[in-house]
Amino acid sequence: MLKEWYEIKGGHRLEGTVTISGAKNAAVAIIPAAVLAGETCVLENLPHIQDVQCLKEILEELGVTVDYTDGDCMRIDSRTLTNTKALSEAVSSMRASYYLLGALLGRFHEVELALPGGCVIGARPIDQHLKGMRALGAHVELDCERNIVRAKAERLIGAEIYFDVVSVGATINVMLAACMAEGNTVLCNVAKEPHVVDVANFLNMMGASVKGAGTDMIRISGRPRLHGCGYAIIPDQIETGTFMIASAATMGDVIIKNVIPTHMEAISAKLMESGARVIEGDDGRDFYLRVIMNERPRPINVKTLPYPGFPTDLQQPMMAYLCAAAGVATINETIFENRFNHVKELRRMGASISLKDNNTAKVKGIPALRGADIYATDLRAGASLIVAGLAASGTTNVHNIHFIDRGYEYLDKKLTGLGAQILRKEK
Ligand code: EPZ
């Protein structure tokens, strides 16, 4: 098997302009959601990332016609969908395939789905997803031996559902099933992330009636059928934040285009608190954020929370940035129980980080990290190591970059365009 890694010669400040791609976590929900239409949906602004490619293969295995040739546009024709059993290796290889649970149950009232296990950042149970499907009237059984879930419903009837945990996945998955249930559904204690709102907007474009996405309560009035539509997904909040942090970490000056500034408020606030300048602008076509940094970051305290709080997906890149702070910073991870796997890699670069209860990190800043051979363990840990390599003195080799390919489109090309010395190597 080909081994690939990024070789980064650190210490070069990022300068110039970069354009953000479509949101991974919107794309991986909207692509499965498109099968609710039973007609053709045309999706634009999809990022060219491994997870999107994988979902294309999964839909094709179900008999859906997917055309993803020109640019960032995908045509999904689910009239030809015949199979409601998604049990392949591809399905269990990625988490977001679990959105097929809500989509296939919503349209066909039956589904059999292979589930991914937990992953390195936590157990990632789906109890809230199943609670929602059962509340709508589905009979759901989880075969823990084979990691398969089966759901079947004579009828799906709208219900009032209170989520015990604020869950992006459960909020979206139950929304998918409820939008074709009979009658009204009220979802309480829901996730409010930008991609939750984007999925709701897409469903409404297909003729669904989903109100209140982005607030604590979502009201859905079921429809007997949905229709095809065209839709462009939002820019990626987490990719935007990653470039904002990379600019600050390299004492750079970067204009980040095709962004939605309100999605970035928590990151902008924290970067400004650490001494960066964040300027919001509009070039007549796109909103942009400009991030300028001229000194070592001041130490700050970061606590991850559901949106609009500081996103857990940027906790890891933020930690890499704070490794060079002029003082002691603290990072409290409240969403996932094991999202500090990047710490041991940052320590290889000289970082001084102590952990408490595996959810709080104390980062004692040093003048600069030094280059090393480091290993990504998950997507955003990979992003963290890239930020560390860009800021470090000397050469850093970031391995296991297949994790990074899952969620960042053309990352090395975009960074090279900003003056980074980054090469994708293989042997
Ligand atoms: C989504 O994961 C994202 N993935 C994650 O991004 C992101 O970190 C996470 O939301 C939080 O924002 C996609 O959108 C594909 P959750 P999801 O359900 O939906 C617990 C990335 O890097 N929980 O909001 O799986 C769960 O264990 C990825 O792009 C239950 O207990 O996250 C976690 O502690 C990583 N029961 C918390 O809720 C459930 O049924 C939040 O998880 C569901 C979740």
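Every read-out reported here was derived from the displayed coordinates using simple, explicitly stated rules and does not represent laboratory data. Since the model is a prediction, treat every value here as computed from it, not as a measurement. Every residue, glycine as well, gets a Cβ built from its backbone with ideal geometry; the counts of neighbours run over all protein chains shown.
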Note to self: C-alpha centroids of segment 323-366 and segment 9-86 sit apart, in Å, by 34
Report, in listed order, any pair from LYS257/LYS364; LYS303/LYS362; LYS24/LYS56 with a Cα-Cα distance greater than 22 Å.
LYS257/LYS364
Determine the relative contact order of segment 244-379: mean sequence separation of Cα pairs under 8 Å and six or more apart, normalised by residue count, in whole percent.
20
For LYS344, LYS3, ascending order of other Cβ atoms within 10 Å (fewest first) is LYS3, LYS344
THR17, THR171, THR377, THR82 arranged by Cβ crowding within 10 Å, fewest neighbours leading:
THR82, THR17, THR377, THR171
Please report how far the C-alpha centroid of segment 369-427 lies from that of segment 202-277, rounded to the nearest whole angstrom.
24
Apply the Karplus curve 6.51 cos²θ - 1.76 cosθ + 1.60, θ = phi - 60°, to the phi angles in segment 194-211 and return the couplings in whole Hz, x for Gly and Pro.
x, 6, 5, 5, 5, 5, 4, 4, 5, 4, 5, 5, 8, x, 7, 10, 10, 10
The chain: relative contact order as a whole-number percent, Cα under 8 Å and 6+ apart:
21
For segment 299-313, in residue order, the Karplus 3J(HN,Hα) values (coefficients 6.51, -1.76, 1.60; θ = phi - 60°; whole Hz; Gly and Pro = x) are x, 10, 10, 10, 10, 7, 8, x, 3, x, x, 5, x, 4, 5
If we count other beta carbons within 10 Å of each Cβ, what is the order of LEU43, LEU115, fewest first?
LEU115, LEU43
Give the angle, between 0 and 90 degrees and rounded to the nearest 10, that separates the Cα long axis of helix 99-108 from the longest principal axis of the Cα atoms of the chain.
20
Any idea what the alpha-carbon Rg over 2.2 N^0.38 Å comes to for segment 24-232?
0.91
Chain lengthening between ARG155 and GLU39 when straightened (0.36 nm per residue, less Cα-Cα)
39.6 nm
Mind checking the angle between helix 50-61 and the chain's longest principal axis? C-alpha axes, 0 to 90 degrees, to the nearest 10.
20
